[in-house]
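K.L.:
Take a look at the following structure, please.
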Amino acid sequence: MTAYFQRFLPALFAALLLAAPAMALALEYKTSPAPNWVQPTALPNASATPSGDTAHRLFEKQVRVHAAGKTSFTRIASEALTTSGVQQLADIRINFDPSYQTLTMHAINVIRAGKTIKRLGNTPIKVLQRETELDAQVYDGSKTASVLLSDVRVGDIVEYAYSLDGSNPVFKNKVAGGSPLQWSVPVERVFVRLLAPSARAIAIKAHNAAPAPQVREENGYRDTQWSIDQQPGLRNDKDTPGWYDPYASVAWSEFPDWNAVVQWALPLYRVPARHSAPLQAEIDRIAKADADPARRAAAVLRMVQRDIRYLGIEVGPGSHAPSAPSLVYERRFGDCKDKALLTIAILRAMGIDARPALVHTELGKGIGQLAPSPHAFNHVIVQLLLDGKTYWLDPTRTMQKGDLAHLHQSDFGMALVLADGSRELAPMASARMSSTTVNSVFDSTAGLDKPVRYTVATTYQGGAAESTRRWIASQSLDETQKQYLNYYTRRYASIGVAAALKVADDADKNQLTVTETYDIAHFWPLSKDKKQQVANIRSDAVRDVLDGPAAVHRSSPLQVEFPREIIETVEVKLPEPWNIQTSKDTVKDSAFEFAHQVSKRKDGPGVILASRYRALADSVPADAMARHAANLKTAREALGYELTSDVEAGAAAFTASMPAAAADWMPPVYGFACLAMVLGGMALRLQEAAPAHQAVNRRLIAVVGIAGFALVQLVIGLGDMSPLPLAVGIGLLALALRYLLAIAPMVPDTHQAFRAAGVLSKEKVRRRVSLALELVMLSGGYWAIERLVKMTMGE
């Protein structure tokens, strides 16, 4: 017998070694029928409304809370309508955390023509360690049970059911969870159930018109059920804020309020009384370097951001419990909660008040609508209280510079500060700094036939400085220069680099300045008729944020980048004096404010465009979209500016920002202006006449002034067919003639006006003025009637 074992024992041991991986794999999940406590739910016979490639028959979730934790049962059934739908449904994936959850497979079925084909037991189930968050530097230990079904056809229904048993020990057996009741696709039947001991106080909160549940008490358990048939899908618009969730859902929590969440979390973030020697040495070094608390706090933040790389080991309790500060400092890596607790530990060691704060990076202020629960948060930052001011510090940010006064502070809307007495979510009303200032100069003083030197200096502050700093650091300076050049080439095809890109970084003010220098060979191209040289100027940085929404008709709010401020100045230096039309435009919207001003250069010929855009809110309500789109369009149209030069005349007969029809009428405008000046001069000469005539002369001067201004308004109105200048011109001209008729009897026969009129008598002058007045009134009346008819006909 001994010889027998000696002979076969090595082979048996080798076989066991070879079988070990398969045995271990089998232990990663179990198979069994559905638990007895699961309430049977019938699979609906009718197909759900098709949603592309699939029709979703059933979504079922039943949760049983027990003394050792909880068990969650899930069952899903969907019909493949196309080949693509077959591909989707034949690939089943179930994620779980093996550190505290046990996966049990209950069923994998293919239902074809009413017949159920059972696949559990004869279809391989592979358990893979996918680490779906590894790209975000988070290792959570989760695994994925993967099932690839064979022989699935169009028209088949794929049905599978499984249970996950166990709860994360970090929650100390307190229950918090929930379930969606609606999706973007329709579902024929939705069944959600919570089975919990009646003695446990579990609050339930419904969202977005979720139906009232059916509740019954039986055998010491409270059975709460939601059952919905023919649940329609709800398509959410694109570009909606992260806090907006229109879908029906239900949440349950054993945390009665936010203070209960604080009390649960405080022990996890307790700062040790003593630190390791390396960490204590670092604390002493920072404290010795500067005695000012504000500068110490900035130095601590910078050290943690710079020296502790981001990497999260979030297996089991590590999903919510931070590692000890000394361990994090010595291993030089940690996730948000690790880096936050390390920052707090160092600050408190220096006598600076700092606390952990739980936030959600996507939901933001939307966490206020959730049931109190640790699951409401996905990020941890630091609240710093210093000299009566509150600062929100994020130790996970990179490339962040600036002292506390210039630091770009995090703002996620609402935060739960982990401190004794904290009972509500705190609004993060921090003055976040994120602005961009652009100063660009087009230097055309060398002449219109010469290349234009184009210089752009862009200064980024706060959050804008951080993001730009990261972008520049991610590549070579040459690559950055190339990307800037490609941006401007879209507008100026003949642009080229004239000097190397310069980057200046002011660390204390968290301010980054990028200076670009280009030459534009053909800045003054010829118009289509070859008669003019035309240069179009635009505030590009402001224009880039004024694009209208893709769809005005929305059912959900539109997300707006906030905070954001852009201040842009565009200066054009010209070779000689130019006729510059100045203007000032402002737009005030619920989500932004805009200002644009055109003015003349003070230290030489040219024009300056000054623009400013500032976001006022993080979103636009759906019912305000039409007004918002119209305001954006108004702002966009105010930005364009055009400079033209008459090529044939070869002189500075220039116009700016005027319609083509108005530009054609510019010579008559100048002619009438000159005529008004001549008439005015003649009237002034009349003042030198006899004292008996001076009273009349003063009235004649008023007539000449009114008539001259009226003629200018008429010409401008005729230039672009604007009703307002035309109406003003006709009215003023009629007023001047009417005034002249009133003055005529007062004019002595010896007045110079009659000598200027030649042989005309006073009566003839009166008749001719009266005739002119009648013509003006008739033409004005005809024009008014014509405009009214056109407006009525919609022309």
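The values are calculated or read from the model by the stated rules, or taken from the named source; none is laboratory data. Everything quoted here is computed from the prediction, not taken from an experiment. Here the Cβ positions follow ideal geometry from the backbone for every residue, glycine too, while neighbour counts run over all protein chains shown. To get the accessible areas, we keep the full protein, side chains included, count just its heavy atoms, and leave off ligands, DNA and RNA. Shrake-Rupley method; radii C 1.70, N 1.55, O 1.52, S 1.80 Å.
K.L.:
Strands (runs of 3 or more DSSP E) wholly in the stretch 153-243 with at least 1 residues that are within 20 Å of Pro44 (Cβ to Cβ), open to solvent by 50 Å² or more (accessible area, probe 1.4 Å) and in contact (Cβ under 8 Å) with a residue 60 or more places away in the chain - which ones?
P.N.:
On the way: elements: 157-165, 176-180, 187-197, 203-207, 214-218, 221-231.
Those strands (runs of 3 or more DSSP E) span 176-180, 187-197, 221-231.
K.L.:
Okay, moving on. Failed condition for Thr361, given (1) of a type in the set (Val, Ile, Thr); (2) assigned to a helix (DSSP H, G or I); (3) at pLDDT below 95, with all others met?
P.N.:
That leaves (2) as the condition not met.
K.L.:
I've got another one for you. Filter the stretch 324-346 down to the residues that are closer than 16 Å to Ala299 by Cβ and surrounded by fewer than 24 Cβ atoms within 10 Å (Cβ to Cβ) and list them by number. Write out each step before concluding.
P.N.:
Taking the stretch 324-346 first, the residues closer than 16 Å to Ala299 by Cβ are 329, 339, 342-346.
The answer is Ala345, and nothing else.
K.L.:
Also, I was wondering about something else. Identify the single condition in (1) within 16 Å of Ile381 (Cα to Cα); (2) not in a loop (DSSP other than H, G, I, E, B) that Pro322 does not satisfy, given that it satisfies every other one.
P.N.:
Exception for Pro322: condition (2).
K.L.:
Of all residues being open to solvent by 10 Å² or more (accessible area, probe 1.4 Å) and touching a residue at least 24 places away in the same chain (Cβ under 8 Å) in the stretch 381-391, which is nearest to the chain's Cα centre (by Cα)? Just the residue, please. Steps first, answer last, please.
P.N.:
Of the stretch 381-391, the ones open to solvent by 10 Å² or more (accessible area, probe 1.4 Å) are 383, 385-391.
Now drop any that are not touching a residue at least 24 places away in the same chain (Cβ under 8 Å), which leaves 383, 385-387, 390-391.
Details: Gln383: 25, Leu385: 29, Leu386: 31, Asp387: 33, Thr390: 25, Tyr391: 23 Å.
Per the criteria, the residue is Tyr391.
K.L.:
Looking at the structure I just gave you, is Ala498 open to solvent by 40 Å² or more (accessible area, probe 1.4 Å), in a loop (DSSP other than H, G, I, E, B) and over 17 Å from Val570 (Cα atoms)? Outline the logic, then answer.
P.N.:
Values: open to solvent by 40 Å² or more (accessible area, probe 1.4 Å): yes; in a loop (DSSP other than H, G, I, E, B): no; over 17 Å from Val570 (Cα atoms): yes.
Taking the combined requirement at face value, the residue does not satisfy it.
K.L.:
Out of the stretch 555-574, which residues are in a loop (DSSP other than H, G, I, E, B), over 15 Å from the mean Cα position of the chain (by Cα) and surrounded by fewer than 21 Cβ atoms within 10 Å (Cβ to Cβ)?
P.N.:
Of the stretch 555-574, the ones in a loop (DSSP other than H, G, I, E, B) are 555-557, 560-564, 574.
Next cut, over 15 Å from the mean Cα position of the chain (by Cα) only: 555, 574.
Once the filter is applied, which keeps residues that are in a loop (DSSP other than H, G, I, E, B), over 15 Å from the mean Cα position of the chain (by Cα) and surrounded by fewer than 21 Cβ atoms within 10 Å (Cβ to Cβ), the stretch 555-574 yields only Ser555.
K.L.:
If Thr513 satisfies every condition in (1) out of contact with any helix residue (DSSP H, G or I) (no Cβ under 8 Å at 6 or more places or on another chain); (2) of a type outside the set (Gly, Ala, Ser); (3) surrounded by fewer than 15 Cβ atoms within 10 Å (Cβ to Cβ) but one, which is the exception?
P.N.:
(3)
K.L.:
Within the set of pairs 6 or more residues apart or between chains, which connect a residue that is of a type in the set (S, T, N, Q) inside the stretch 526-552 to a residue that is in a helix (DSSP H, G or I) and open to solvent by less than 60 Å² (accessible area, probe 1.4 Å) with Cβ atoms less than 7 Å apart?
P.N.:
Cβ pairs passing all conditions: Ser539/Leu639.
K.L.:
Taking only the stretch 587-638 into account, find how many residues are closer than 30 Å to Pro575 by Cα, surrounded by fewer than 20 Cβ atoms within 10 Å (Cβ to Cβ) and not small (Gly, Ala, Ser).
P.N.:
10
K.L.:
Find the residue count for the stretch 82-132, including only residues that are in a strand (DSSP E or B) and not small (Gly, Ala, Ser).
P.N.:
Taking the stretch 82-132 as the starting set, the residues that turn out to be in a strand (DSSP E or B) are 91-96, 102-112, 115-118, 125-128.
Among the residues that remain, those that are also not small (Gly, Ala, Ser) are: 91-96, 102-106, 108-112, 115-118, 125-128.
Result for the stretch 82-132: 24.
Okay, residues lined up against (1) outside any loop (DSSP other than H, G, I, E, B); (2) at pLDDT below 90; (3) open to solvent by 10 Å² or more (accessible area, probe 1.4 Å):
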| residue | (1), (2), (3) |
| --- | --- |
| Arg348 | yes, no, yes |
| Ala354 | yes, no, no |
| Lys365 | yes, no, yes |
| Pro372 | no, no, yes |
| Thr398 | no, yes, yes |
| Ala405 | no, yes, yes |
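K.L.:
For Val262, indicate whether it is buried (at least 18 other Cβ atoms within 10 Å of the Cβ) and not in a strand (DSSP E or B).
P.N.:
On the way: buried (at least 18 other Cβ atoms within 10 Å of the Cβ): yes; not in a strand (DSSP E or B): yes.
Yes, satisfied.
K.L.:
Does Arg75 satisfy the criteria of being at pLDDT 95 or above, closer than 24 Å to Gln230 by Cα and either surrounded by fewer than 18 Cβ atoms within 10 Å (Cβ to Cβ) or of a type outside the set (Ser, Thr, Tyr) (or both)? So that I can check it myself, show each step before the final result.
P.N.:
Numbers: at pLDDT 95 or above: yes; closer than 24 Å to Gln230 by Cα: yes; either surrounded by fewer than 18 Cβ atoms within 10 Å (Cβ to Cβ) or of a type outside the set (Ser, Thr, Tyr) (or both): yes.
It is true that Arg75 is at pLDDT 95 or above, closer than 24 Å to Gln230 by Cα and either surrounded by fewer than 18 Cβ atoms within 10 Å (Cβ to Cβ) or of a type outside the set (Ser, Thr, Tyr) (or both).
K.L.:
Under the condition of being touching a residue at least 60 places away in the same chain (Cβ under 8 Å) and among the small types (Gly, Ala, Ser), which residue from the stretch 69-86 is farthest from Val187 (Cα to Cα)? Step through it out loud before you land on a result.
P.N.:
Going residue by residue through the stretch 69-86, those that are touching a residue at least 60 places away in the same chain (Cβ under 8 Å) are 69-83, 85-86.
With among the small types (Gly, Ala, Ser) added as a condition, the list becomes 69, 72, 77-78, 80, 85.
On the way: Gly69: 30, Ser72: 20, Ala77: 10, Ser78: 9, Ala80: 14, Gly85: 15 Å.
Out of the qualifying residues, it is Gly69.
K.L.:
Still on this structure: Quick test of your reading of the structure: Asp338 fulfils all but one of (1) modelled with pLDDT of 95 or more; (2) touching a His at 6+ places or on another chain (Cβ under 7 Å). Name the failing condition by number.
P.N.:
Unmet condition: (2).
K.L.:
Counting only residues that are touching a residue at least 40 places away in the same chain (Cβ under 8 Å) and surrounded by fewer than 12 Cβ atoms within 10 Å (Cβ to Cβ), which one in the stretch 448-490 is farthest from the chain's Cα centre (by Cα)?
P.N.:
Asp449
K.L.:
More than 20 Å from Arg296 (Cβ to Cβ) and open to solvent by 10 Å² or more (accessible area, probe 1.4 Å): is that true of Leu358 in this structure? Explain how you work it out, then say what you get.
P.N.:
Numbers: more than 20 Å from Arg296 (Cβ to Cβ): yes; open to solvent by 10 Å² or more (accessible area, probe 1.4 Å): yes.
Considered against the rule, which asks whether it is more than 20 Å from Arg296 (Cβ to Cβ) and open to solvent by 10 Å² or more (accessible area, probe 1.4 Å), Leu358 comes out as yes.
K.L.:
Would you please name the residue that is nearest to Arg270 (Cα to Cα), looking only at residues in the stretch 407-421 that are open to solvent by 20 Å² or more (accessible area, probe 1.4 Å) and over 25 Å from the mean Cα position of the chain (by Cα)?
P.N.:
Asp420
K.L.:
Mind listing whichever residues of the stretch 412-426 are touching a residue at least 60 places away in the same chain (Cβ under 8 Å) and touching a helix residue (DSSP H, G or I) at 6+ places or on another chain (Cβ under 9 Å)?
P.N.:
Selection gives Gly413, Leu416, Val417, Leu418, Ala419, Asp420, Ser422, Arg423, Glu424, Leu425.
K.L.:
Scanning the stretch 288-313 for residues that are of a type outside the set (A, V, I, L, M, F, W, C), more than 30 Å from the chain's Cα centre (by Cα) and crowded, with 16+ Cβ neighbours inside 10 Å, which turns out nearest to Arg332 (Cα to Cα)?
P.N.:
Pass one, the stretch 288-313, residues of a type outside the set (A, V, I, L, M, F, W, C): 288, 290, 292-293, 295-296, 302, 305-307, 309-310, 312.
Checking the rest, the ones that are also more than 30 Å from the chain's Cα centre (by Cα) come to 288, 290, 292-293, 295-296, 307.
Subsequent filtering for residues that are crowded, with 16+ Cβ neighbours inside 10 Å retains 293, 296.
Working: Pro293: 25, Arg296: 20 Å.
Applying the filter and picking the extreme gives Arg296.
K.L.:
Okay, moving on. For residues in the stretch 265-279 being open to solvent by 30 Å² or more (accessible area, probe 1.4 Å) and touching a residue at least 12 places away in the same chain (Cβ under 8 Å), which is farthest from Ser167 (Cα to Cα)? Give the derivation first.
P.N.:
To start, the set of residues in the stretch 265-279 that are open to solvent by 30 Å² or more (accessible area, probe 1.4 Å) comprises 266-268, 270-275, 277-278.
Still in the list and also touching a residue at least 12 places away in the same chain (Cβ under 8 Å): 266, 268, 271-272, 275, 278.
Working: Leu266: 20, Leu268: 18, Val271: 26, Pro272: 28, His275: 32, Pro278: 36 Å.
Looking at the filtered set, the residue picked out is Pro278.
K.L.:
Take the residues in the stretch 610-643 that are part of a strand (DSSP E or B) and of a type in the set (D, E, K, R), then tell me which one is nearest to the chain's Cα centre (by Cα).
P.N.:
Ranking the qualifying residues of the stretch 610-643, first place goes to Arg614.
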